[in-house]
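The values are calculated or read from the model by the stated rules, or taken from the named source; none is laboratory data. Please read these numbers as outputs of a predicted model, since none were measured by experiment. Note that we place each Cβ from the backbone using ideal geometry, even for glycine, and neighbour counts take in every protein chain shown.
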Amino acid sequence: MTKTTWKAGTMVYPLPAVMVTSGTMEKPNVFTAAWTGIINSEPAMTYVSIRPSRYSHELIEQNGEFVINLTTQDLLHAADFCGVKSGRDTDKFAETGMTPMPCKFVKAPQIAQSPVSVECKVTEIKKLGSHDMFIAEILAVDVDDSLLDDAGKLALEKCGLVAFCHGGYYGLSGQIGTFGFSVAKKKSRKQKIHEIKAKRRLEKAAHAAEESEEEEKTFKKRKPAFEHHERRDFEDRRRSDRKPRKFDRGERNFDNDEKPFKKPFAKKPFGDGRKEKSFGGRKPFRKTFEGKKPFADKKPARKPFKPKAQ
């Protein structure tokens, strides 16, 4: 193999294409950067190199905070737009449709659509020449819940991350190895079974999600039929809630607490206006002795004599 020697240049690729947010929630700003990475693990520290002419350079230097947001294929158009437009005269969030979201430890916003956002606080600024390096400590990492599996492990391969390589954007083809696989021992039978079960759990969860989507689609198709039954039920409830009509004779309306309706007699009661000829020209018997005891002026009859036994 032969190689050609070039002059010194920035030929270290691929690099992460990230969107760096700064400012505040009231006045947020975002720009795209590729010159960023990890420089320490304990404490966790990162950096981002920015030209002094950039508007974000002014905001980060003033506030001492920024947020690194990972870029996906869905956010690629917005990331490219934020890399060529300036925030001095353009509201990039409004133009791209991205949503600023508050962070927990810094005042700078994060991008809600980004799967991973890294909250950073500047500890040192190194002036290197064409760029200034902002060295910062990582205070927190905000991760989308949909990227976590049942065991709480982060699955970044699901979100479709984007890398920057020599002026172009490239997607990640997939995992081809893990750290230390060259010297790793062969997996035991127990480990293989554990991985198979974990894979089946993920497949089962994905299948359940697909079934729920299909059920929702079928429900939307059958919605007019459901609405018809719901309308009938509503009409039945409305009839039951309607004010009750007048009850029939002899019944009682307990809702209005009315007295029961007394059915009138077919004829007038005895002695009230009946013809006197039915009594032989005399007044009715009830009125004759009204208020008096019958035979009160007569003496009671004597008891028959009974001789005493001797």
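Scan region 118-131 for residues that are within 23 Å of residue 161 (Cβ to Cβ) and free of Cβ contacts under 8 Å to residues at least 60 places away in the same chain and jot them down. Don't jump to the end; show me each part of the working.
To start, the set of residues in region 118-131 that are within 23 Å of residue 161 (Cβ to Cβ) comprises 118-120.
Selection gives 119 alone.
Among the candidates 32, 2, 10, 36, single out the residue that is among the hydroxyl-bearing types (Ser, Thr, Tyr) and within 35 Å of the chain's Cα centre (by Cα).
After applying the criteria, what remains is 32.
If residue 194 satisfies all but one of (1) closer than 22 Å to residue 15 by Cβ; (2) surrounded by 12 or more Cβ atoms within 10 Å (Cβ to Cβ); (3) not assigned by TED's automatic domain parsing to the domain that holds residue 75, what's the number of the condition it fails?
Unmet condition: (1).
Has region 48-64 got any residue that is of a type in the set (Asp, Glu), in the same structural domain as residue 26 (by TED's automatic domain parsing), under 15 Å from residue 133 (Cα atoms) and out of contact with any Cys (no Cβ under 9 Å at 6 or more places or on another chain)?
Yes, region 48-64 contains a residue that is of a type in the set (Asp, Glu), in the same structural domain as residue 26 (by TED's automatic domain parsing), under 15 Å from residue 133 (Cα atoms) and out of contact with any Cys (no Cβ under 9 Å at 6 or more places or on another chain).
Among the numbered criteria (1) in a strand (DSSP E or B); (2) not assigned by TED's automatic domain parsing to the domain that holds residue 20; (3) not small (Gly, Ala, Ser), which single criterion is violated by residue 134?
(2)
Out of the residues in region 139-170 that are of a type in the set (D, E, K, R) and under 24 Å from the mean Cα position of the chain (by Cα), state the one that is farthest from residue 118 (Cα to Cα).
The extreme case among them is 150.
Can you tell me which residue among 132, 144, 150 is under 28 Å from residue 66 (Cβ atoms), touching a Lys or Arg at 6+ places or on another chain (Cβ under 8 Å) and charged (D, E, K, R)?
132
Considering only residues that are crowded, with 18+ Cβ neighbours inside 10 Å and not polar (S, T, N, Q), which ones fall in region 102-121?
103, 106, 108, 109, 111, 115, 116, 118, 119, 120
Sort out which residues of region 39-62 are more than 35 Å from the chain's Cα centre (by Cα) and small (Gly, Ala, Ser), and write them in order of number.
41, 49, 53
Go through (1) at pLDDT below 95; (2) assigned to a strand (DSSP E or B) for residue 86 and report which single condition fails.
All conditions pass for residue 86, except number (2).
When residues of region 132-179 are filtered for being small (Gly, Ala, Ser) and touching a residue at least 40 places away in the same chain (Cβ under 8 Å), how many remain?
5
Have a look at 212, 173 and point out the one that is outside any helix (DSSP H, G or I) and either more than 29 Å from residue 69 (Cβ to Cβ) or over 33 Å from the mean Cα position of the chain (by Cα) (or both).
Going through 212, 173 in turn, just one is outside any helix (DSSP H, G or I) and either more than 29 Å from residue 69 (Cβ to Cβ) or over 33 Å from the mean Cα position of the chain (by Cα) (or both): 173.
Report the residue count in region 13-26 for those that are under 28 Å from the mean Cα position of the chain (by Cα) and assigned to a loop (DSSP other than H, G, I, E, B).
Count: 3.
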